[in-house]
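The structure appears below as C-alpha cells.
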Amino acid sequence: MVVTALRNETQTLIDVLKTLPTTLTPRLKAYTDGACSGNPGPGGWGAVLHYQGLEQDLSGGEAQTTNNRMEMSAAIGVLEALPHPAHIDLYTDSQYLRDGITLWMTNWKKNGWRTSDKKPVKNKDLWLRLDELAAQHQVVWHWIKGHSGHPENERADALARNAIIAQHVNRMG
C-alpha cells in the first residue's frame, strides 16, 4: 500500500498509520533529539517522523529534567505515537541512548539494573518504558552526529528547544 497524500489538512501521519491494515508493517524513519536548559533544568524533546513522503513533528517537555532523560523521552514519544507495530529506523545524536538500548541494557537486566561498577542504572524508569515499547516494533538504532547540519536532526533539535521555551512560558503562567 502506498500513501501518496493526506486526505485533508488536519490528518496527520499518525492518522494515516491508523488506517493501515494491521497485517501491514510500515517502515518509518524517525529523527529524535532532546535538550535541556541547565542540566537539570527545563527540558524538551523533538522528533521528526517520515513515512512514504509524509512527515510529522512530535515534541514535549518537562519542567525539571536532564538532557539524557529528554533524549530518551524523544524515542519514547515516537514509539508511543505509533498505533501498530512498525519497522523503524530511529536516528539519534545521543550515544547514551543508542548504546544504552543496543549495548548496555542486556547486562543491566542480568545485573539487577546495576552498572558494571555496581551502581544503580540512572533513568531506570525510562529504560524500562523504552524496552517495553521497542519490543513492540522492529527498531534499528542509528547514531548521527549532532549539530552537523543534518536537516532532520536540526529540525528535531529546534522542536526540542521550542519545547523548552514552552516549559518556561508554562512556569510563568
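With respect to (1) farther than 16 Å from GLY60 by Cβ; (2) modelled with pLDDT of 95 or more; (3) not aromatic (Phe, Trp, Tyr), the lone exception for GLY149 is condition (2). Only residues that are without any contact (Cβ under 8 Å) to a residue 40 or more places away in the chain and part of a loop (DSSP other than H, G, I, E, B) were counted across the stretch 25-59, and they come to 3. Give the number of residues within the stretch 145-173 that are outside any helix (DSSP H, G or I) and either crowded, with 16+ Cβ neighbours inside 10 Å or touching an Asp or Glu at 6+ places or on another chain (Cβ under 8 Å) (or both). So the count comes out to 4. Restricted to helices (runs of 4 or more DSSP H) entirely inside the stretch 60-144, those with at least 2 residues that are at pLDDT 95 or above and within 24 Å of ASP15 (Cα to Cα) are 67-81, 124-134.
The values are calculated or read from the model by the stated rules, or taken from the named source; none is laboratory data. Since this is a predicted model, take the numbers as computed values, not measurements. Every residue, glycine among them, receives a Cβ derived from its backbone with ideal geometry; neighbour counts consider all protein chains shown.
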